[in-house]
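The values are calculated or read from the model by the stated rules, or taken from the named source; none is laboratory data. Since the structure is predicted, the reported quantities are computational estimates derived from the model, not experimental observations. Cβ atoms come from the backbone with ideal geometry, glycine included; neighbour counts cover every protein chain shown.
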Amino acid sequence: MIKRVCLITFKQELRFSPDEERFKCYLMDFANRDWHLTRRILGSGSFASVFLARGKVPTDQVACKVVDLVHSRKLQAQEVWMREVEILRRVSHPNITQARQILLTKEHAFIVTDLISAGDLFSYVHSRLLYGPHRIADAERQIAWITWQVLKSVEYLHRRNIVHRDIKLENVLVADPRPYGRVLLADFGMACDLTMKQSSSAGIAHATYSTPNRMNSRVGTAAYQAPEMLCSRISTHKHIQGHDYGPEVDLWSLGCLIHEMVLGYSPFTIAKTDNVDEITRKTMNEDLSFENVPVQQLTTSVRDLLLCLLERNPKSRMTIRSAYVHPWLSQHNDVFVTLHKKIFADWVPAITVVKDLDSIPELVPACDITKAIRDQQPPENGLVKVQKKRPRLIDLYHTDV
């Protein structure tokens, strides 16, 4: 497998298994009647671990991300997980991972999501012979279907002013490993909601703005970062001399994603090196070349799409709408639309329940709100004056969950 070259911003390469005392703290804080936290670790990072959790029925399993809030405060990264929680509360799409439940305490945040046992797209692509001289017959069509789904999720996010900023193979989960199955865009730790008020003191991973709907922090993975996100002082390209950037960075990352699925490596990854500076230099200054790639491995159509997505000038870069009508995707449009309708038909939107166990709850059961605003005798016109019900709603708001 190809080594992943990462820019470590707020994430560190610290991997830990919780000791007995720490796990007991998790269990004490995880006051959840629906799920039981197990010791099986699915993944871990600098201030978060993902555990397997089981429901009342043994076959009902979920993933539970446990965020160490104390440690995250020390790393000045608390707003990172706060942003992730807020975004997960807002999104609901069949190609985006969903949070079933979010529990907040003074020391931990627990984010319960669906368990995707098939793994991520990185493992899937490199184990299914989707690239190379011996790739399977319909490999490019399968890659186009995956691309189409990721494009759907990005379109959904951008319409809601959310920029993912870390699209890569590892952040796309395979919900159905069968050919033409469903994939999910995941991991919103680097994402940015352009409608949220941002502070400029939350560290390098936090988004700050110089103009509306623009960002200027360098985050994500080096091999997938757009030129405008990188440090412009070492660039000689006239179109990327500014420090701020917009949602177009997700389209660049999508181009890198397609490149790696089709050819097996990132477009600007240096062989046998993990040198981030060298990858940055190539990304910003060297032209994309396919001279040594056989036409059997890279058709003219996908080659043209990659050149349009990996355009250094963000103003000239291919848009989401243009990507949909590009021949590489549009030739399969009827089939893909039918497949996606099937996914929508089978998809059950998750209702995210947020419980803050240490402060005033923002969400309360809907039935309680109904009781609070319901009169003994329904008004004739069917309308209720909110001011009359205000005292009862305030009492309800201050009631412990």
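Give the residues of region 155-164 that are buried (at least 22 other Cβ atoms within 10 Å of the Cβ) and either of a type in the set (D, E) or out of contact with any Asp or Glu (no Cβ under 7 Å at 6 or more places or on another chain) (or both), sorted by residue number. Steps first, please.
Looking only at region 155-164, we keep the residues that are buried (at least 22 other Cβ atoms within 10 Å of the Cβ), and these are 157, 162-164.
Correct list: L157 only.
Regarding T195, is this residue under 30 Å from I146 (Cβ atoms), part of a loop (DSSP other than H, G, I, E, B), modelled with pLDDT under 90 and among the hydroxyl-bearing types (S, T, Y)?
yes
Just for region 223-249: of the residues that are of a type in the set (V, I, T) and part of a helix (DSSP H, G or I), which one is modelled with the lowest pLDDT?
So, considering only residues that are of a type in the set (V, I, T) and part of a helix (DSSP H, G or I), the one modelled with the lowest pLDDT is I234.
Please pick out the residue among R54, R22 that is modelled with pLDDT of 65 or more, farther than 13 Å from I111 by Cβ and surrounded by fewer than 16 Cβ atoms within 10 Å (Cβ to Cβ).
Result: R22 is the single residue among R54, R22 that is modelled with pLDDT of 65 or more, farther than 13 Å from I111 by Cβ and surrounded by fewer than 16 Cβ atoms within 10 Å (Cβ to Cβ).
Okay, residues lined up against (1) in the same structural domain as R321 (by TED's automatic domain parsing); (2) in a helix (DSSP H, G or I):
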residue: R89; (1), (2): no, yes
residue: S92; (1), (2): no, no
residue: F110; (1), (2): no, no
residue: H134; (1), (2): yes, no
residue: R141; (1), (2): yes, yes
residue: A144; (1), (2): yes, yes
residue: V150; (1), (2): yes, yes
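Could you grab me the full set of residues in region 272-319 that are assigned to a helix (DSSP H, G or I), touching a residue at least 60 places away in the same chain (Cβ under 8 Å) and within 20 Å of I143 (Cβ to Cβ)?
V302
Evaluate the following for Q376: is it over 30 Å from K106 (Cα atoms) and modelled with pLDDT under 65?
So Q376 passes the test.
Return the pairs, sorted by first residue and then second, in which the second residue is of a type in the set (S, T, N, Q) and buried (at least 18 other Cβ atoms within 10 Å of the Cβ), the first residue lies in region 168-184 and is at positive phi and in contact (Cβ under 8 Å) with a residue 40 or more places away in the chain, the beta carbons are less than 7 Å apart, and the residues are 6+ apart or on different chains.
Between residues of region 168-184 that are at positive phi and in contact (Cβ under 8 Å) with a residue 40 or more places away in the chain and residues that are of a type in the set (S, T, N, Q) and buried (at least 18 other Cβ atoms within 10 Å of the Cβ), the close pairs are Y180/Q142.
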